[in-house]
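A quick write-up on the structure given underneath.
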Amino acid sequence: MADAIDAIDSWIAKLKEVKGLAKKAAPKVAEALTKSVQEDLASGVDPATGAAWQPTKDGKRPLKNAATDAIQGSAVGSTIVLKVKERRYYYHTTGKGVPQRGVLPRGNLRPKHAKAVTDALEKEWKRIMGGK
């Protein structure tokens, strides 16, 4: 009987931890989403659409260092914040004769980015629930 009560107490403790899952997982989710977006940037594609950026006037791939210097990801409470670093903001928002080269997801996340988020959440869930 004591084993059953201990098991129930353990589940109650785990369920109490689940209540704060979003906040606890947010830093790992931010890290995973940032990495996923950086992979797109390293490949020269818009994270929102998966479409390749328009080449430069001389036909080269633009924003070669975007993966390392274009975005910053963080968690604020349970909210994930991705932001464009100052020097890349122009390309993300421009419409002034310079091709727009998005560096952030917009609207719904593409499946690739949603999977990064889901995987990070699932990992935290498994940690809380004891790997099950």
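Please treat every number below as a calculation from the coordinates, not as lab data. Keep in mind that what you see is a predicted model, and the values were worked out from it rather than measured. Here Cβ is always computed from backbone atoms with ideal geometry, including for glycine, and neighbour counts include all displayed protein chains.
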For this session: Please identify, among Ala48, Ala13, Ala67, the residue showing maximal mean-square fluctuation in a Gaussian network model of the chain using a 10 angstrom Cα cutoff.
Result: Ala13
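Suppose a student asked you for the relative contact order of the chain, using Cα pairs under 8 Å spaced at least 6 residues apart; what percent would you report?
Reported relative contact order: 31 percent.
Classify the chain as rounded, prolate or oblate, taking a ≥ b ≥ c as the square roots of the eigenvalues of its Cα gyration tensor: rounded when a/c is under 1.5, otherwise prolate if a/b is larger than b/c and oblate if not.
Prolate, since a/c reaches 1.5 and a/b exceeds b/c.
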For this session: Using the structure shown, select from Lys23/Lys85; Lys14/Lys85; Lys85/Lys123; Lys19/Lys112; Lys23/Lys112; Lys85/Lys112 the pairs with a Cα to Cα distance greater than 31 angstrom.
Result: Lys14/Lys85
Exercise. Which residue fluctuates the most in the chain, going by a Gaussian network model with Cα springs under 10 Å, if the choices are Gly97, Gly107, Gly44?
Worked result: Gly97
Problem set entry | CD proxy at 222 nm, helix term only [per DSSP H run n ≥ 4: -39500 (n - 2.57); per residue of the chain; nearest 500] | -17500 deg cm²/dmol
Problem set entry | Filtered trypsin sites (Lys or Arg not before Pro), the range 10-119: DSSP coil and at most 14 other beta carbons within 10 Å | Lys19, Lys57, Lys60, Lys64, Lys85, Lys96, Arg106
For this session: Check the straight Cα-Cα distances from Lys126 and name the aspartates and glutamates below 16 Å, setting aside those fewer than 8 residues away within the same chain.
Result: Glu17
For this session: Relative to the longest principal axis of the C-alpha atoms of the chain, give the angle of the C-alpha long axis of helix 21-43, reported between 0 and 90° and rounded to the nearest 10°.
Result: 30 degrees
Exercise. What does the convex hull of the Cα atoms come to per residue for the range 9-76, in Å³?
Worked result: 95 Å³
Problem set entry | Whole-Hz couplings from phi, Karplus 6.51/-1.76/1.60, listed for the range 112-118; x for Gly and Pro | 4, 6, 4, 5, 4, 5, 4
